[in-house]
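Asks: Before we start, here is the structure in question, set down as structure tokens.
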Amino acid sequence: MMSLSKRGGFIWKKGKIINMKIERTITPDSKDIDFLTKKINEETADFGEAHSFAFFIRDDHNDIIAGCNGSVIYGTIYTDQLWVHPDYRHKGYGRKLMESVHKYGSEIGCSIATVSTMSFQGATDFYEHLGYGCDFERSGYVSGSSCLFLRKVL
């Protein structure tokens, strides 16, 4: 185990000062995110592996008209974002994407699928029709809204 201690904004490592900097970014480099995932996977190998996924629907011009992405982590597939272009909504594209997520999750051994949605997005009925139920609701968001955490057994 490394001996680290913090003193006055610096980190001491075995008697040497390490100058550290906390970097904030709203556009993280995918290589940096992959690094974090790799390191976590190395430390938790006995519990499985975490990795990202994405599904896209493209038109004849190869433009994305719908898509979703998320993470697979320790037997769960989590959909972080789902988007369908307004011209293509209510035509089954979101359902097809989520069915693809569920199929993929089942294929790789996930036992549940999870998603969260904001109360103002009006998506709860959509997810309930796909078999999701609300695990819990967290209040305290903008304009009195809440975040709903949903799950579905695969």
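Asks: Yes or no: region 106-125 includes at least one residue that is assigned to a strand (DSSP E or B), among the aliphatic types (A, V, I, L, M) and surrounded by 18 or more Cβ atoms within 10 Å (Cβ to Cβ). Steps first, please.
Replies: Step one: of region 106-125, the residues assigned to a strand (DSSP E or B) are 112-118.
With among the aliphatic types (A, V, I, L, M) added as a condition, the list becomes 112-113, 115, 118.
This time we only want the ones that are surrounded by 18 or more Cβ atoms within 10 Å (Cβ to Cβ), so: 113, 115.
Yes; the residues of region 106-125 include at least one that is assigned to a strand (DSSP E or B), among the aliphatic types (A, V, I, L, M) and surrounded by 18 or more Cβ atoms within 10 Å (Cβ to Cβ).
Asks: Scan (1) on the phi > 0 side of the Ramachandran plot; (2) surrounded by fewer than 11 Cβ atoms within 10 Å (Cβ to Cβ); (3) of a type outside the set (Val, Ile, Thr); (4) at pLDDT 95 or above for the single condition residue 92 breaks and write down its number.
Replies: (2)
Asks: Right, something else. Please find, among 22, 73, the residue that is closer than 23 Å to residue 118 by Cβ and of a type in the set (A, V, I, L, M).
Replies: Result: 73 is the single residue among 22, 73 that is closer than 23 Å to residue 118 by Cβ and of a type in the set (A, V, I, L, M).
Asks: Listed residues 41, 19, 62; which is in contact with an Asp or Glu (Cβ under 7 Å, 6 or more places away or on another chain) and either closer than 28 Å to residue 92 by Cβ or of a type in the set (S, T, N, Q) (or both)?
Replies: From the options 41, 19, 62, the qualifying one is 41.
Asks: Those residues that are within 19 Å of residue 81 (Cβ to Cβ), out of contact with any helix residue (DSSP H, G or I) (no Cβ under 9 Å at 6 or more places or on another chain) and either among the aromatic types (Phe, Trp, Tyr) or at pLDDT below 95 (or both), I need them from region 122-136; list them, please.
Replies: 122 - this is the single residue of region 122-136 that is within 19 Å of residue 81 (Cβ to Cβ), out of contact with any helix residue (DSSP H, G or I) (no Cβ under 9 Å at 6 or more places or on another chain) and either among the aromatic types (Phe, Trp, Tyr) or at pLDDT below 95 (or both).
Asks: Checking the structure you have, find out if any residue of region 74-85 is over 15 Å from the mean Cα position of the chain (by Cα) and in a strand (DSSP E or B). Give the derivation first.
Replies: In the first step, residues of region 74-85 are kept if they are over 15 Å from the mean Cα position of the chain (by Cα); the result is 84-85.
Applying the additional criterion that residues be in a strand (DSSP E or B) yields 84.
Yes, region 74-85 contains a residue that is over 15 Å from the mean Cα position of the chain (by Cα) and in a strand (DSSP E or B).
Asks: For the condition touching a strand residue (DSSP E or B) at 6+ places or on another chain (Cβ under 7 Å), part of a strand (DSSP E or B) and exposed (fewer than 13 other Cβ atoms within 10 Å of the Cβ), what is the one hit in 138, 151?
Replies: 138
Asks: A further question follows. Does region 73-89 hold any residues that are polar (S, T, N, Q) and surrounded by 20 or more Cβ atoms within 10 Å (Cβ to Cβ), and which are they?
Replies: Across region 73-89, the qualifying residue is only 79.
Asks: Here is a check on your reading of the model: is residue 144 of a type outside the set (A, V, I, L, M), out of contact with any strand residue (DSSP E or B) (no Cβ under 9 Å at 6 or more places or on another chain) and more than 17 Å from residue 80 (Cα to Cα)?
Replies: yes
Asks: Looking only at region 14-54, count how many residues are outside any helix (DSSP H, G or I) and either on the phi > 0 side of the Ramachandran plot or surrounded by 11 or more Cβ atoms within 10 Å (Cβ to Cβ) (or both). It would help to see each step written out before you state the result.
Replies: So in region 14-54, the residues outside any helix (DSSP H, G or I) come out as 14-29, 44, 48-54.
Remaining after also requiring either on the phi > 0 side of the Ramachandran plot or surrounded by 11 or more Cβ atoms within 10 Å (Cβ to Cβ) (or both): 14-15, 17, 28, 44, 48-54.
Final tally of qualifying residues: 12.
Asks: Here's a check for you: in region 36-70, which residue that is touching a residue at least 24 places away in the same chain (Cβ under 8 Å) and within 16 Å of the chain's Cα centre (by Cα) is farthest from residue 109 (Cα to Cα)?
Replies: Filtering region 36-70 for residues that are touching a residue at least 24 places away in the same chain (Cβ under 8 Å) and within 16 Å of the chain's Cα centre (by Cα), the one farthest from residue 109 (Cα to Cα) comes out as 67.
Asks: Can you tell which of 133, 70, 144 is of a type outside the set (A, V, I, L, M, F, W, C), closer than 30 Å to residue 46 by Cα and exposed (fewer than 14 other Cβ atoms within 10 Å of the Cβ)?
Replies: 133
The values are calculated or read from the model by the stated rules, or taken from the named source; none is laboratory data. Fair warning: this is a prediction, and the values are worked out from it, not measured in the lab. Positions of Cβ are generated from backbone atoms using ideal geometry, with glycine treated the same way; all protein chains shown enter the neighbour counts.
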